[in-house]
Amino acid sequence: MRASIIAFGVLAATAAWSASAQSTGEQARDDYQAELGRQCPDKQLQLLSTRNLSDALDDYKQSLGEDIRARFDQAESANCSSLDAGADCVNTVDLATADDTGRMPDLVGTVCSSFLRCREQNDCDYAR
């Protein structure tokens, strides 16, 4: 009886943590989309592919100081280390880290300057 109560408690805590993490990621993506709308609405960058966004996020992280870049790396390692995790996981964690550290406007500025425009989903032109 006691073991089942403990198991239920662990399951409930895990579910709550998962929901919290998902909410954070969703909020970060919403904040990212809103900032895109403020900084470069005519470019239609909400249509970036996962890979294109990953490229822009990598460029952004390279521009950061070592201490804040380490925070991004730690968040990625903690949340996206499973074999099932991919670029979308890393993108979401990076957006959440930027949001948590108040760096979303800077990050979106990098994304806006990295691309000229998107015509449709996954059909975007790099600025370089």
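The values are calculated or read from the model by the stated rules, or taken from the named source; none is laboratory data. Small disclaimer: the values here were computed from a predicted structure and weren't measured. In this analysis, Cβ positions are derived from the backbone assuming ideal geometry, glycine residues included, and neighbour counts consider all displayed protein chains.
Can you name the residue in the stretch 66-81 that is of a type in the set (Asp, Glu) and surrounded by 11 or more Cβ atoms within 10 Å (Cβ to Cβ) and, of all such residues, is farthest from Ala96 (Cα to Cα)?
Asp73
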Problem - Test for Asp31: is it within 11 Å of Leu95 (Cβ to Cβ), touching a residue at least 24 places away in the same chain (Cβ under 8 Å) and not hydrophobic (A, V, I, L, M, F, W, C) - result: yes
Completion exercise
For the stretch 69-87, the count of residues that are within 22 Å of Asp106 (Cβ to Cβ) and of a type in the set (Asp, Glu) equals 2
Practice task
Determine the pairs where a residue that is in contact (Cβ under 8 Å) with a residue 24 or more places away in the chain and farther than 13 Å from Leu57 by Cβ, located within the stretch 70-81, has a partner that is acidic (Asp, Glu) and assigned to a helix (DSSP H, G or I) with Cβ atoms under 9 Å apart, the partner being 6 or more residues away or on another chain.
Solution key: Arg71/Asp100
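Quick check: anything in the stretch 38-56 within 25 Å of Arg128 (Cα to Cα), assigned to a loop (DSSP other than H, G, I, E, B), in contact with a Phe, Trp or Tyr (Cβ under 8 Å, 6 or more places away or on another chain) and modelled with pLDDT of 95 or more?
Scanning the stretch 38-56 turns up at least one residue that is within 25 Å of Arg128 (Cα to Cα), assigned to a loop (DSSP other than H, G, I, E, B), in contact with a Phe, Trp or Tyr (Cβ under 8 Å, 6 or more places away or on another chain) and modelled with pLDDT of 95 or more.
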Exercise for the section: Return yes when Ala28 is part of a helix (DSSP H, G or I), modelled with pLDDT of 95 or more and not basic (Lys, Arg) and no when it is not. Expected result: yes
Completion exercise
All conditions in (1) crowded, with 18+ Cβ neighbours inside 10 Å; (2) touching a strand residue (DSSP E or B) at 6+ places or on another chain (Cβ under 9 Å) are true of Ala96 except (2)
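State yes or no: is Gly9 assigned to a helix (DSSP H, G or I), modelled with pLDDT of 95 or more and more than 16 Å from the chain's Cα centre (by Cα)?
no
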